[in-house]
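**Q** Okay, here's the structure, questions in a sec.
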Amino acid sequence: MYGVPPPHQRAVSATGTADATAASLRAYETWKGSNVFLLQGRFIFGPDASSLFFTIFLIAAPVAVFCVFVARKLLDISHHLGILIMVVVVVLTLWDLVLLLMTSGRDPGIVPRNAHPPEPENYDGNAEVGTPQFRWPRVKDVLVNGITVKIKYCDTCMLYRPPRCSHCSICNNCVERFDHHCPWVGQCIGLRNYRFFFMFVSSSTLLCIYVFGFCWFYIIRIMDSERTSIWKAMIKTPASIALIIYTFIAVWFVGGLTIFHLYLISTNQSTYENFRYRYERRDNPYNRGVIGNFKEIFWTSIPPSKNKFRAKVPKEQEIPSRTVSSSFSGPYMQKNMVDMEMGRKPGWDNSAVDDNDLEGQFSSDEAKESEFDNASPAPDLSRNLLAESAEVQNTLLPRRSSWGRRSGSWDLPSEILTISSQAGDSNRISGVNGGNLTECSQ
């Protein structure tokens, strides 16, 4: 029978690496785009999502002023008409804010980027992909409804963009049916949120017209009740004058967007395509007629997101340090290589070298020396040098150093003498043979 290992053995293996489940992260935590996630990946926003608060203020603040200074004064109208005015403006405002959040807080149609470049067509397997000899074609031709459409290769996402797809430089993502990046909602407008964007813009237009109209209605009601001129009535309600000016300016903006996007929907274009390709000068491969184009936007199901932001993905492993030649390998060399890759100055760290490592290195050097001695018939000069250095050591034991301190023990490790004999320092050899004991003591 196979026993179930204890929890701590499953979490950490014998080598000290964490288990795949423990080391895994959510997809939104390893996201390579510039998006901002809220509620653990349930909402995705653009990097300029802070502008969303300003947009909410531009909608909610005028409506609050209208409810307090205008709609409240109209509650005394008969047949509950005054209450209906208040209810309609509140419901329309809440609906507008919901559409704003649905536009800004959802995946606009992001195409998942590849971890590696796609395999080229007619690839024979001899040349390595990514080498200077291989170049990705920048443009490919595809047929859309019998019309040739060019698609481009995205170096950032490492894929050929689908038709009507473009890379947003602000969010750093490729978005299907890319329309534009709207700074007012802080999100790209694409395949999965264009419907909600149009409904948000059109409902904002209706809200502006509604507030604008009932502000004038309140001014006219003051004129009729007090038998005064329009100017005196306007002076008695400055909030209405401010709202009239504000909504008149805003309706040109949101109303103009509504009319422009009605034209784009009827011709099945996006804002990006309209400014870049100018389909009125050539055939539009996506045009299905006015009715068909409106059905495509409003009466078709929204495709599911291609990204599972809350799915668990394995944690990316760190890049290993570069390997060096075996003759220079060692713990301290590996540390210096890691320091250089991390941008720090390499330094000697004695803590990285163990005594056992030194013994292993010196023993390997001695083995190489013995192999060299057996292979070469030349006289063994290293042994003579060791004998002479031992005589010099015995001679210098009772002497003092040139600085007035006792030189202490001159028992040098045999490994260091082996290294010095292999190095072949000519100055030290001449000094020992010549008997220059003063130089050696210093």
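**Q** Just read off the accessible area of residue 181 with the full protein assembly in place, 1.4 Å probe, to the nearest 10 Å².
**A** In the full protein context, residue 181 sits at about 30 Å².
**Q** Let me cross-check residue 76: its accessible surface, 1.4 Å probe, with only protein heavy atoms counted, in Å² to the nearest 10?
**A** Roll a 1.4 Å probe over it and residue 76 shows about 100 Å².
**Q** Restricting to Cα pairs below 8 Å that are 6+ residues apart, what does the relative contact order work out to for the range 237-309? Please round to a whole percent. Intermediate values should be presented prior to the final figure.
**A** Working: 24 pairs, mean separation 20.2, N = 73.
Result for the range 237-309 is 28 percent.
**Q** Over 31 Å between Cα atoms, which of 32/152; 150/312; 152/306; 73/295 qualify? Write out the running numbers ahead of the final one.
**A** On the way: 32/152 21 Å; 150/312 36 Å; 152/306 20 Å; 73/295 43 Å.
Pairs exceeding the cut-off: 150/312; 73/295.
**Q** What percentage of the solvent-accessible surface of the range 202-294, computed with a 1.4 Å probe over protein heavy atoms, is contributed by carbon and sulfur atoms? Don't skip to the end; give the middle numbers.
**A** Details: 3770 of 5470 Å².
About 69 percent, which is the carbon plus sulfur part of the accessible surface.
**Q** Given R₀ = 22 Å, FRET efficiency for residue 141-residue 116 by Cβ-Cβ distance, to 0.05?
**A** Details: r = 24 Å, r/R0 = 1.09.
Once the sixth-power term is evaluated, E becomes 0.40.
**Q** Let me cross-check residue 184: its accessible surface, 1.4 Å probe, with only protein heavy atoms counted, in Å² to the nearest 10?
**A** 110
**Q** Could you state the accessible area per residue of the range 170-250 in Å², with a 1.4 Å probe and every protein chain left in place?
**A** I get 44 Å² per residue for the range 170-250.
**Q** Also, I was wondering about something else. May I ask you to evaluate 6.51 cos²θ - 1.76 cosθ + 1.60, the Karplus curve with θ = phi - 60°, for each residue of the range 149-164 and list the ³J(HN,Hα) values in order in whole Hz, giving x for glycine and proline?
**A** Rounded to whole hertz, the list is 10, 8, 10, 10, 8, 9, 5, 6, 8, 6, 7, 8, 5, x, x, 6.
The values are calculated or read from the model by the stated rules, or taken from the named source; none is laboratory data. Given the structure is predicted, the values throughout are model-derived calculations rather than measurements. Neighbour counts are summed over all protein chains in view; Cβ atoms, including those assigned to glycine, are modelled from backbone coordinates with ideal geometry. To get the accessible areas, we keep the full protein, side chains included, count just its heavy atoms, and leave off ligands, DNA and RNA. Shrake-Rupley method; radii C 1.70, N 1.55, O 1.52, S 1.80 Å.
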